[in-house]
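K.L.:
Here it is, the structure, as structure tokens.
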Amino acid sequence: MKVKISIQGIEKKFEAQNGVGKSHTVLDNIDLDIFEGEFCSLIGASGCGKSTLLNIVAGLITPSDGTIYVDGERVKGIHPKFGYMFQKDTLLPWLTILDNVMLPLEIQKNAKREIALHYLDMVGLKGFENHFPKELSGGMRKRVQLARLLAQNPEVLLMDEPFGALDAQTKLVIQEEFLKIWEKERKTVIFVTHDLQEAITLSDRIVLLSAKPGRVQTITPVDLPRPRMLEHAMNNAKFNQLFMDIWGGLKEEVRKSLQIVS
Amino acid sequence: MKVKISIQGIEKKFEAQNGVGKSHTVLDNIDLDIFEGEFCSLIGASGCGKSTLLNIVAGLITPSDGTIYVDGERVKGIHPKFGYMFQKDTLLPWLTILDNVMLPLEIQKNAKREIALHYLDMVGLKGFENHFPKELSGGMRKRVQLARLLAQNPEVLLMDEPFGALDAQTKLVIQEEFLKIWEKERKTVIFVTHDLQEAITLSDRIVLLSAKPGRVQTITPVDLPRPRMLEHAMNNAKFNQLFMDIWGGLKEEVRKSLQIVS
Amino acid sequence: GCASTQSSKEGGTGKSPKASKVQTVKFGVTPSFLFLPVYVAQDNGFFEKEGIKAEFIEFQGGAEVTSAMLGGSIDFGATLSERPAVLAEKGMAAKNVMSLQNKLAFTLVARSGLDLKPGDVKALKGKKIGVTRLGGGLDQALRALLRDAGLDPEKDVSIVATGGVANGVAAMESKAVDASMGAEPATSMGALKGISESIVDFRNGEGPKSVQTMSFPTLQANDKYIQNNEELTRKVVRAIAKAQKAMRENPQIGVDSAKKLFKDLDDELLKSIMEKEKGMFHAAITEDMSESIIQAMKTSGEVTKNLSHKDITAVEFEKEWKESE
Amino acid sequence: MPKKEFVEIWGLRGVALFLIIICWQGVLWLDLTTEFWISSPVSIIKKFIEYVLNSELWLHTSVTMIETLLGFIIGTVLGVGFAFVVYRWNWLYVALEPFLTAIYSLPRVALAPLFIMWFGIGILSKVILSVSIVFFILFYNTYSGVKSVDKDLVNNVRTMGGSNSLIVRKVILPWCIPWIFSGMKIGLAMSLIGAVVGEMLAAQHGLGFVLARAAGAFETTGVFTVLLILALLAMLLTSIMERMEKHLLKWRQE
Amino acid sequence: MPKKEFVEIWGLRGVALFLIIICWQGVLWLDLTTEFWISSPVSIIKKFIEYVLNSELWLHTSVTMIETLLGFIIGTVLGVGFAFVVYRWNWLYVALEPFLTAIYSLPRVALAPLFIMWFGIGILSKVILSVSIVFFILFYNTYSGVKSVDKDLVNNVRTMGGSNSLIVRKVILPWCIPWIFSGMKIGLAMSLIGAVVGEMLAAQHGLGFVLARAAGAFETTGVFTVLLILALLAMLLTSIMERMEKHLLKWRQE
Ligand SMILES: Nc1ncnc2c1ncn2[C@@H]1O[C@H](COP(=O)(O)OP(=O)(O)OP(=O)(O)O)[C@@H](O)[C@H]1O
Ligand SMILES: Nc1ncnc2c1ncn2[C@@H]1O[C@H](COP(=O)(O)OP(=O)(O)OP(=O)(O)O)[C@@H](O)[C@H]1O
Ligand SMILES: [Mg+2]
Ligand SMILES: [Mg+2]
């Protein structure tokens, strides 16, 4: 398998600000290869550095040390092949929902309304094209962001908790839709989630980051058959085994990160 | 049991804006009584009106019709006994984490650092007192918001997806801490969540809202024994029964809201 | 009608005439050659001898000086002689207390490139003429001069405001105007720099007689002030009149005061200006002069009331005027 | 605007206007001052009507309007544009900052001779005077807006492959709309003042020219009438701007 | 500031200054104009040193500084305060809006006679002149800031039981800091210009007084030297303000 993204020796230190806060190392010597066409999930305790790592891969934050290679080439700054769905709400508030989804298409000089409408429909937001972001609920805005990423159709998808704000059922429906697209196109995906179940049902590999400082703790391959049906995957015996394995590791990390001694 | 909050005939219509969007009824004739000391969860499809209802109860949005009674008295506008944790990140960016948590204490002329530090410690953010919100991860900011609500210590807690941005394990730890406090003090809580498991393990009653327009679909009492240990509760036979019951209802609602016909 | 305001304002500045101590008097001036005798009186101790401490407040334009004088924030204003007539028309009472120079001290100059002959006002037909400010005595004098030469100031030329002293010269340099009427040092400076040439210089006795005395620099005060401070006013007039006399006898003291005012100006230039103007330093305002002011204002339509010499001139200081002879 | 609100707003404004006029006239009735100083509402209205019927005044008004608008529009475009240029090439701002401050804080009247020499006494010199004020106001405000832009919005559009110019158009410019409009409200009045002061100093036409002439002849009523016309122009232009702003900001939560 | 950056910034500024001086001197060398109109850098520096050694000039400078700062501070406090008042009682703004526009856009020089009559020819009239400009700049900018406040922040503090005054102090004011400082940067120069123009119109002291006299005597070098002093004052005050702003905005993402 070809390595698509190679993360080598990445370290990120944030300097103490305003004199009082302490300088701390968030990521420490991260080495990780992401293969072409792989669906790789990042999990870890809250605040362990998942978003920071994604930002570094996307070229938005300069690491204190280490290098990112894409297709064997060293990259600095933003890579045009990457699409990034932020953890934060980053819709442009002055554009309507439709215009927001159209934006990447316009950039690519391929401003086809049908494409945007298709993805909006897919995330269940038919009829909200002409609303402004402020008129949508939190979960709806997240779905627009997803539609925008899909419309952009980049070679590599970086996704930071894309389904985090959705109710259990909506999440399931959208995951299923997303998986269908992915299984057809097999793009490289780095997927940050805090939902273990989601990580297992979707991924090829799950990377658990440790906390303070963030290091690659374990890498767990998920060898469930594809194409996957989510409900089937969850009822698979292997699923439970994987869940318990990773859960144990995560638990340990969280205990450390929350400084629970007992 | 005494009714603490009585929601009567609440309706909310949003007018069509900028000519193009259509006017739509988000909440339609909601009747709901919340008892004193009750932990009541609201669930429903993304965009069904949960946050809107909470905003109306908090007095931040004027309903198109209907009334809110608190302790039998009709209220309009913001009620001083309520504390509200927004779905959105609403930390003041110019205050340090500690100052943010101190804010409600200052308002109550009870500016004790120990209290703020205690709750920050509880949510696992010891050592971040002097950081600014921008220097925290998404999940960490949510936890600060929780600490701020707990420091405020209001009579009624309105919580909009408070644990939504947390990883599975951190969530569990914080839920447990929160439950401990709640079981000691027995305050009235209205709790919006998209995590069914969370709703069942924490609540006394679960209200399922339908979508388009939002109506009270079902109200499910959760008669698991208290004090609850989360892991025990999840392994209770009743838990699975409840889960499947509500899941079915939610599924139906989501299918409707996403306009899935099949 | 405005008496109440005036008297209340005046309480602050008008000192009791009986006080034997040094009395402070505030003069409002625009820093220009027109009002040089007041500075000379200060620099040569004439005020001091009268027991007066003079303070100078400098204004950008004559209208502001008059406003300040009426409002009471200064005691005396040094500006042009037609002001009391204009004010009388508007129901305000002020008088010329003395003349500072008894002739129109302005010069009409034209851009050098035009090659106009001295005295040839008619040749300005169709040209643009600049004055510092419209609506004042300078503007009126220019119009009178043009009318005298048979030109209609409204139709045959265009009269343009150019603002501050240096602006008029700049406007000629950039050919924005063809001619300009102004006072020293702008006119001499323009000539010195080869930018402009004199057409009509009233100080040399050029131009029509009626225009020569229609507007000239005077010291003014409002009636109320004069009434309440007659003794003090006498002292002021006496001091300045003595200074005028000294200036005529020894133009160098004028040069010295001008030098203090305009530090960078060339000595030779100042001397030549003083030579030209020294004959004009007389304090007296005659009935003829007043008549010529009133007549000119009536012609321009700014004054409609019937005014006499005494309405615009404080003749009670005739004795003090003589000090300048 | 709903009809009821409309009536309320104009009712309030009417009351305010009435109070101002009463105070004005009251000061005269109580003999606290005279018409020589502050004229009177009645005289001003009379004069205003006289002016409105006078074609010459329309000429002066249009000259002033042209100068004001030209100065305003050019200054706005340059100021906003320069803020974006400086956003892109920050070293430019770092290098020029003290000089910008220096130039901006020069009292322009002191430079009148140079203005006249270089730009004459026609419309050009007034336009440049206005531009030299409006430019800085718009620049400072827009630049403050640019600095406050949510970096994540910019970054996200950048990850979509958005070029710098697209980011300026689609992200920075809309973000800065409130900043630009606030600058425009401040700048419009300054542009008007700049044009009028320029005309008062040196001109052949324009309301400032009329104003200076009236002031030089102590015609207080004339002065106040011109001021009234200027105020009406400013109100008209400001209300047009506010409408535009409202339209452009309709995406904002009410 | 790291030492390297410091050297770079001042290097760039030095180069810019050098270019300006070269252009200036170059225009003279090429005989495009003469020292009579634009003086020359050398003469100005000579004169500047002469002025610095002259105690009288320090008096004039301090008078102008006092007027500028008083006008600036009072105008800022009133402008910001009024924006908050109007945030609380919005009908006040609705009623007064057209009158505010009208007053703001009056050319103050045209009102010089009234200023002189009411406030005399001392410091007071200059301070009021400055206030009458700074107030509006700060008001418009702060009010635009107030309108852009994130309602959810306000609402959340309100649900904590925060009073209106607390909300202003803890939410609105910090939110408006960039707006206020942008207004202050614009207003400071205007305050300086206001004070100087006021002094040019009528005064006994102050840099405007010196300036008017020099201009009347064709002392171009004197004029430019005073302008240099004014520019230095503006730079000094602006840099102090920028430091304050940086300190107050350190919570912002870099
Ligand atoms: N600008 C910054 N300055 C200082 N520290 C920062 C900054 N940004 C992030 N951090 C720190 O880096 C750590 C990791 O943050 P990050 O956002 O990557 O966490 P995360 O794994 O995405 O967490 P979550 O699941 O809560 O989103 C946190 O401890 C945070 O305090
Ligand atoms: N200001 C507004 N203008 C118009 N429509 C609005 C506005 N605010 C909310 N809505 C609409 O109200 C509906 C419910 O929104 P609400 O935020 O209450 O959903 P929710 O149940 O909290 O969803 P989520 O789980 O995604 O947070 C949505 O369809 C949304 O489009
Ligand atoms: Mg994150
Ligand atoms: Mg919600």
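K.L.:
Check every one of the helices (runs of 4 or more DSSP H) wholly within region C:137-244 and list those with 3 or more residues that are crowded, with 24+ Cβ neighbours inside 10 Å.
P.N.:
C:137-148, C:165-173, C:186-192
K.L.:
Mind telling me which of the residues E:Phe224, E:Phe209 ends up being within 14 Å of chain C (Cβ to nearest Cβ), within 22 Å of D:Leu96 (Cβ to Cβ) and open to solvent by 20 Å² or more (accessible area, probe 1.4 Å)? Outline the logic, then answer.
P.N.:
Details: E:Phe209 fails: within 22 Å of D:Leu96 (Cβ to Cβ).
The unique qualifying residue is E:Phe224.
K.L.:
Could you grab me the full set of residues in region D:87-105 that are more than 9 Å from chain E (Cβ to nearest Cβ) and surrounded by 16 or more Cβ atoms within 10 Å (Cβ to Cβ)?
P.N.:
Selection gives D:Tyr87, D:Tyr93, D:Leu100.
K.L.:
Would you confirm whether any residue within region E:107-121 is in contact (Cβ under 8 Å) with a residue 24 or more places away in the chain, touching a helix residue (DSSP H, G or I) at 6+ places or on another chain (Cβ under 9 Å), outside any helix (DSSP H, G or I) and within 14 Å of chain D (Cβ to nearest Cβ)?
P.N.:
Checked region E:107-121: no residue is in contact (Cβ under 8 Å) with a residue 24 or more places away in the chain, touching a helix residue (DSSP H, G or I) at 6+ places or on another chain (Cβ under 9 Å), outside any helix (DSSP H, G or I) and within 14 Å of chain D (Cβ to nearest Cβ).
K.L.:
Which of (1) free of Cβ contacts under 8 Å to residues at least 12 places away in the same chain; (2) within 14 Å of chain E (Cβ to nearest Cβ) does C:Lys298 not meet, given it meets every other one?
P.N.:
Of (1) free of Cβ contacts under 8 Å to residues at least 12 places away in the same chain; (2) within 14 Å of chain E (Cβ to nearest Cβ), only one is false for C:Lys298: (2).
K.L.:
For D:Ser130, work out the one condition from (1) assigned to a helix (DSSP H, G or I); (2) open to solvent by 10 Å² or more (accessible area, probe 1.4 Å); (3) within 30 Å of E:Thr221 (Cβ to Cβ) it doesn't fulfil.
P.N.:
For D:Ser130, the failing item is (2).
K.L.:
Please state which of the following conditions A:Lys171 fails to meet, knowing it meets all the rest: (1) more than 10 Å from every other protein chain (Cβ to nearest Cβ); (2) farther than 21 Å from D:Gly161 by Cα; (3) open to solvent by 20 Å² or more (accessible area, probe 1.4 Å).
P.N.:
(1)
K.L.:
OK, next. Out of (1) over 29 Å from D:Glu97 (Cβ atoms); (2) within 12 Å of chain D (Cβ to nearest Cβ); (3) of a type outside the set (A, V, I, L, M, F, W, C), the odd one out for E:Glu5 is which?
P.N.:
With (1) over 29 Å from D:Glu97 (Cβ atoms); (2) within 12 Å of chain D (Cβ to nearest Cβ); (3) of a type outside the set (A, V, I, L, M, F, W, C) applied to E:Glu5, the lone miss is (1).
K.L.:
Take C:Val200 and decide whether it is within 14 Å of chain D (Cβ to nearest Cβ), of a type in the set (A, V, I, L, M) and either closer than 21 Å to C:Ala296 by Cα or free of Cβ contacts under 8 Å to residues at least 60 places away in the same chain (or both).
P.N.:
Details: within 14 Å of chain D (Cβ to nearest Cβ): no; of a type in the set (A, V, I, L, M): yes; either closer than 21 Å to C:Ala296 by Cα or free of Cβ contacts under 8 Å to residues at least 60 places away in the same chain (or both): yes.
No: the conditions fail for C:Val200.
K.L.:
Please return the ranges of helices (runs of 4 or more DSSP H) entirely within region B:74-178 where 3 or more residues are within 19 Å of the chain's Cα centre (by Cα). Walk me through it before giving the result.
P.N.:
Values: elements: B:97-107, B:113-122, B:138-152.
Helices (runs of 4 or more DSSP H) meeting the threshold: B:138-152.
K.L.:
Hey, does region A:33-43 have a residue that's within 12 Å of ligand 1 (Cβ to nearest atom) and part of a strand (DSSP E or B)?
P.N.:
Within region A:33-43, the subset within 12 Å of ligand 1 (Cβ to nearest atom) is A:42-43.
Filter once more, so that each one left must be part of a strand (DSSP E or B): A:42-43.
Within region A:33-43 (the criterion being within 12 Å of ligand 1 (Cβ to nearest atom) and part of a strand (DSSP E or B)), the answer is yes, since at least one residue qualifies.
K.L.:
For region B:183-209, which positions are open to solvent by 30 Å² or more (accessible area, probe 1.4 Å), more than 10 Å from every other protein chain (Cβ to nearest Cβ) and assigned to a loop (DSSP other than H, G, I, E, B)? I'd like the intermediate steps shown before the answer.
P.N.:
From region B:183-209, those open to solvent by 30 Å² or more (accessible area, probe 1.4 Å) are B:183-187, B:195, B:197, B:204-205; that's our starting set.
Add one more test, that the residue is more than 10 Å from every other protein chain (Cβ to nearest Cβ), and what stays is B:183-187, B:204-205.
Once the filter is applied, which keeps residues that are open to solvent by 30 Å² or more (accessible area, probe 1.4 Å), more than 10 Å from every other protein chain (Cβ to nearest Cβ) and assigned to a loop (DSSP other than H, G, I, E, B), region B:183-209 yields B:Arg186, B:Lys187, B:Asp204.
Quick grid of which residues meet (1) at pLDDT 85 or above; (2) surrounded by fewer than 21 Cβ atoms within 10 Å (Cβ to Cβ):
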{"position": "B:Ile181", "(1), (2)": "yes, yes"}
{"position": "B:Ala211", "(1), (2)": "no, no"}
{"position": "B:Leu230", "(1), (2)": "no, yes"}
{"position": "B:Met244", "(1), (2)": "yes, yes"}
{"position": "B:Ile260", "(1), (2)": "no, yes"}
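K.L.:
Restricting to region C:281-318, give me the number of residues that are within 22 Å of C:Arg238 (Cα to Cα) and of a type in the set (A, V, I, L, M). Step through it out loud before you land on a result.
P.N.:
Of all residues in region C:281-318, those within 22 Å of C:Arg238 (Cα to Cα) come to C:281-287, C:289-290, C:309-318.
Now drop any that are not of a type in the set (A, V, I, L, M), which leaves C:283-285, C:289, C:312, C:314-315.
Total satisfying the criteria: 7.
K.L.:
Sticking with this one: Name every residue in region D:227-241 that is among the polar types (S, T, N, Q) and either surrounded by fewer than 17 Cβ atoms within 10 Å (Cβ to Cβ) or more than 7 Å from chain E (Cβ to nearest Cβ) (or both), in order of residue number. Spell out how you get there, then give the answer.
P.N.:
At the first step, the residues of region D:227-241 found to be among the polar types (S, T, N, Q) are D:238-239.
Matches in region D:227-241: D:Ser239 only.
K.L.:
Identify the single condition in (1) away from ligand 3 (no atom under 16 Å from the Cβ); (2) more than 26 Å from B:Ile7 (Cα to Cα); (3) not acidic (Asp, Glu) that B:Met140 does not satisfy, given that it satisfies every other one.
P.N.:
Every listed condition holds for B:Met140 apart from (1).
K.L.:
Can you find, within region B:47-67, the residue that is farthest from B:Val216 (Cα to Cα) among those that are assigned to a loop (DSSP other than H, G, I, E, B) and within 12 Å of ligand 4 (Cβ to nearest atom)?
P.N.:
The first filter runs over region B:47-67 and keeps only residues assigned to a loop (DSSP other than H, G, I, E, B), leaving B:47-49, B:59-64.
Remaining after also requiring within 12 Å of ligand 4 (Cβ to nearest atom): B:47-49.
Values: B:Gly47: 14, B:Cys48: 11, B:Gly49: 11 Å.
Taking the candidates together, the pick is B:Gly47.
K.L.:
Quick check: anything in region E:181-197 within 14 Å of chain C (Cβ to nearest Cβ) and either open to solvent by less than 30 Å² (accessible area, probe 1.4 Å) or out of contact with any Phe, Trp or Tyr (no Cβ under 8 Å at 6 or more places or on another chain) (or both)? If you could, list the steps in order and put the result at the bottom.
P.N.:
Just the residues of region E:181-197 that are within 14 Å of chain C (Cβ to nearest Cβ), to begin with: E:196-197.
Cutting the leftovers down to either open to solvent by less than 30 Å² (accessible area, probe 1.4 Å) or out of contact with any Phe, Trp or Tyr (no Cβ under 8 Å at 6 or more places or on another chain) (or both) gives us E:196-197.
Among the residues of region E:181-197, at least one is within 14 Å of chain C (Cβ to nearest Cβ) and either open to solvent by less than 30 Å² (accessible area, probe 1.4 Å) or out of contact with any Phe, Trp or Tyr (no Cβ under 8 Å at 6 or more places or on another chain) (or both), which makes the answer yes.
K.L.:
Same structure, new question: Out of all the residues in region A:127-146, which are more than 16 Å from ligand 4 (Cβ to nearest atom) and either within 26 Å of B:Leu54 (Cβ to Cβ) or in contact with a Gly (Cβ under 6 Å, 6 or more places away or on another chain) (or both)? Spell out the reasoning first.
P.N.:
Filtering region A:127-146 for residues more than 16 Å from ligand 4 (Cβ to nearest atom) gives A:127, A:129-130, A:132, A:146.
Residues satisfying the conditions are A:Gly127, A:Asn130, A:Phe132, A:Leu146.
K.L.:
Restricting the search to region C:69-83, which residues are more than 19 Å from D:Thr33 (Cβ to Cβ) and within 10 Å of another protein chain (Cβ to nearest Cβ)?
P.N.:
If we filter region C:69-83 for residues that are more than 19 Å from D:Thr33 (Cβ to Cβ), which is where we start, we get C:75-83.
The answer is C:Arg83, and nothing else.
K.L.:
Check whether at least one residue in region E:53-63 is open to solvent by less than 20 Å² (accessible area, probe 1.4 Å), in contact with a helix residue (DSSP H, G or I) (Cβ under 6 Å, 6 or more places away or on another chain) and within 11 Å of another protein chain (Cβ to nearest Cβ), and report yes or no.
P.N.:
Taking every residue of region E:53-63 in turn, none turns out to be open to solvent by less than 20 Å² (accessible area, probe 1.4 Å), in contact with a helix residue (DSSP H, G or I) (Cβ under 6 Å, 6 or more places away or on another chain) and within 11 Å of another protein chain (Cβ to nearest Cβ).
K.L.:
Check whether at least one residue in region C:261-269 is within 18 Å of the chain's Cα centre (by Cα) and within 14 Å of chain E (Cβ to nearest Cβ), and report yes or no. Please lay out each step first, then the result.
P.N.:
First, pick out the residues of region C:261-269 that are within 18 Å of the chain's Cα centre (by Cα): C:261-262.
Now restrict to residues that are within 14 Å of chain E (Cβ to nearest Cβ): C:261-262.
Yes, region C:261-269 contains at least one residue that is within 18 Å of the chain's Cα centre (by Cα) and within 14 Å of chain E (Cβ to nearest Cβ).
K.L.:
Same structure, new question: Mind listing whichever residues of region A:56-103 are within 16 Å of ligand 3 (Cβ to nearest atom) and open to solvent by less than 30 Å² (accessible area, probe 1.4 Å)?
P.N.:
Let us first name the residues in region A:56-103 that are within 16 Å of ligand 3 (Cβ to nearest atom), namely A:56-58, A:60-61, A:84-90.
Once the filter is applied, which keeps residues that are within 16 Å of ligand 3 (Cβ to nearest atom) and open to solvent by less than 30 Å² (accessible area, probe 1.4 Å), region A:56-103 yields A:Ile56, A:Val57, A:Ala58, A:Tyr84, A:Met85, A:Phe86, A:Thr90.
K.L.:
What helices (runs of 4 or more DSSP H), lying completely within region C:14-120, carry at least 1 residues that are basic (Lys, Arg), more than 23 Å from C:Gln140 (Cα to Cα) and open to solvent by 10 Å² or more (accessible area, probe 1.4 Å)?
P.N.:
Values: elements: C:36-43, C:46-49, C:62-71, C:83-89.
Per the criteria, C:46-49.
K.L.:
Could you check region B:129-140 and list, in sequence order, the residues that are more than 8 Å from chain A (Cβ to nearest Cβ) and either closer than 16 Å to B:Gln169 by Cβ or within 8 Å of ligand 1 (Cβ to nearest atom) (or both)?
P.N.:
Within region B:129-140, the subset more than 8 Å from chain A (Cβ to nearest Cβ) is B:129, B:133-134.
If the condition is that a residue be more than 8 Å from chain A (Cβ to nearest Cβ) and either closer than 16 Å to B:Gln169 by Cβ or within 8 Å of ligand 1 (Cβ to nearest atom) (or both), then B:Lys134 is the only one that fits.
K.L.:
In addition: Of all residues being of a type outside the set (D, E, K, R) and within 9 Å of A:Ala165 (Cα to Cα) in region A:132-146, which is farthest from ligand 2 (Cβ to nearest atom)? Just the residue, please. Talk me through it step by step, then tell me what you get.
P.N.:
Looking only at region A:132-146, we keep the residues that are of a type outside the set (D, E, K, R), and these are A:132-133, A:136-140, A:144-146.
From the residues that got through so far, the ones that are within 9 Å of A:Ala165 (Cα to Cα) too are A:138-140.
Values: A:Gly138: 4, A:Gly139: 2, A:Met140: 5 Å.
Residue satisfying both the conditions and the ranking: A:Met140.
K.L.:
I've got another one for you. Does region A:38-54 contain at least one residue that is free of Cβ contacts under 8 Å to residues at least 12 places away in the same chain, within 11 Å of chain B (Cβ to nearest Cβ) and open to solvent by 10 Å² or more (accessible area, probe 1.4 Å)? If you could, list the steps in order and put the result at the bottom.
P.N.:
Initial filter on region A:38-54 (free of Cβ contacts under 8 Å to residues at least 12 places away in the same chain): none.
No - not one qualifying residue is present in region A:38-54.
K.L.:
Given (1) open to solvent by 20 Å² or more (accessible area, probe 1.4 Å); (2) within 14 Å of chain B (Cβ to nearest Cβ), where does A:Glu155 come up short, assuming only one miss?
P.N.:
(2)
The values are calculated or read from the model by the stated rules, or taken from the named source; none is laboratory data. Predicted, not measured: the structure shown is a model, and the values here were computed from it. Positions of Cβ are backbone-derived with ideal geometry, glycine not excepted, and every protein chain shown enters the neighbour counts. Accessible surface is based on the protein model in full, side chains and every heavy atom, while ligands, DNA and RNA are left aside. Shrake-Rupley method; radii C 1.70, N 1.55, O 1.52, S 1.80 Å.
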